[in-house]
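To keep things clear, I will list the structure first and then write my remarks on it.
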Amino acid sequence: MDTIQELQNFRTQLIQQINVQFDDLIQKMRMEQDITESVPEIRNYESIYPLTTATAFFKGKKPTGVIFSDQTREDVSTWKRAVEVVLKKCNSDGAKHRKLLELRGKVAGRNRIFLGKSAESMRSPLKIDQDLWVETHYDTETLLRILKVHILEPVGYDYSGITITIRNN
């Protein structure tokens, strides 16, 4: 009798886990639908996701555009270009520009800095502004994590309104 009760308890737990996962999936689909409906520039071969999406999700996907909260869109064809567009928008705010400059040389990976005053010692440097370079020689997931966690968050840049359009396979 205990085995049957254990099986029933296990079934109840599985059903609850499945319900939670389906609720999360439905919520994500509704968010994507809301975003898609509010942004008229989505093309029929694209899907749109908030930049706040887990970085692992973007791995293996091809970006087609960056849409900012003011609905301006920049077409991009690489993650490096997407990072450039976001950082240049962040850098265009005077206060954020000063914070980015203060962050140079302080944000470091294992062997190289993320933000620097020059391209020196960077493997794949990208110029954001005068005396402001970012290292981009990383895979998609790492590059986006560096962008969000190690650069945008420390300078206080709100990226929650930024969405990325991805080419559908």
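The values are calculated or read from the model by the stated rules, or taken from the named source; none is laboratory data. What you see is a predicted model, and the numbers here were worked out from it, not measured in a lab. When we count neighbours, we look across all protein chains shown, and the Cβ atoms used for this are built from the backbone with ideal geometry, even at glycine. Remember, those area values only see protein heavy atoms, side chains included, never the ligands or the DNA or RNA. Shrake-Rupley method; radii C 1.70, N 1.55, O 1.52, S 1.80 Å.
Below, the figures for the structure above:
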item	result
For the stretch 86-92, 3J(HN,Hα) per residue [Karplus equation, 6.51 cos²θ - 1.76 cosθ + 1.60, θ = phi - 60°, Hz, x = Gly/Pro]	5, 5, 5, 5, 4, 5, 5
Distance (nanometres) between label positions extended 7 Å along Cα→Cβ at S160 and K28	2.0 nm
The chain, accessible area per residue, ligands and nucleic acids excluded (1.4 Å, Å²)	62 Å²
Potential lengthening between S121 and V149 on full extension [0.36 nm per residue; Cα-Cα distance subtracted]	7.9 nm
Whole-Hz ³J(HN,Hα) from phi, Karplus 6.51 cos²θ - 1.76 cosθ + 1.60, for the stretch 60-70, glycine and proline x	x, 9, 10, x, 10, x, 10, 10, 8, 4, 7
Expected-Rg normalisation [2.2 N^0.38 Å, Cα atoms] applied to the stretch 73-169	1.02
Within the accessible area of the chain (1.4 Å probe), percent carbon and sulfur	50 percent
Computed accessible area, T3, all protein chains, 1.4 angstrom probe, square angstrom	90 Å²
Rule-of-thumb Rg ratio for the chain [Cα; 2.2 N^0.38 Å; N residues]	1.31
Residue-span extension gain [K106 to K88] - 0.36 nm each, minus C-alpha spacing	4.5 nm
Residue-by-residue Karplus 3J(HN,Hα) for the stretch 115-125, coefficients 6.51, -1.76, 1.60, Hz, glycine and proline x	10, x, 7, 9, 7, 4, 6, 9, 7, 9, x
V20 accessible area, 1.4 Å probe, all protein chains in place, Å² to nearest 10	80 Å²
Sites R98 and N44, calculated FRET efficiency, Cβ-Cβ separation with R0 41 Å, nearest 0.05	0.50
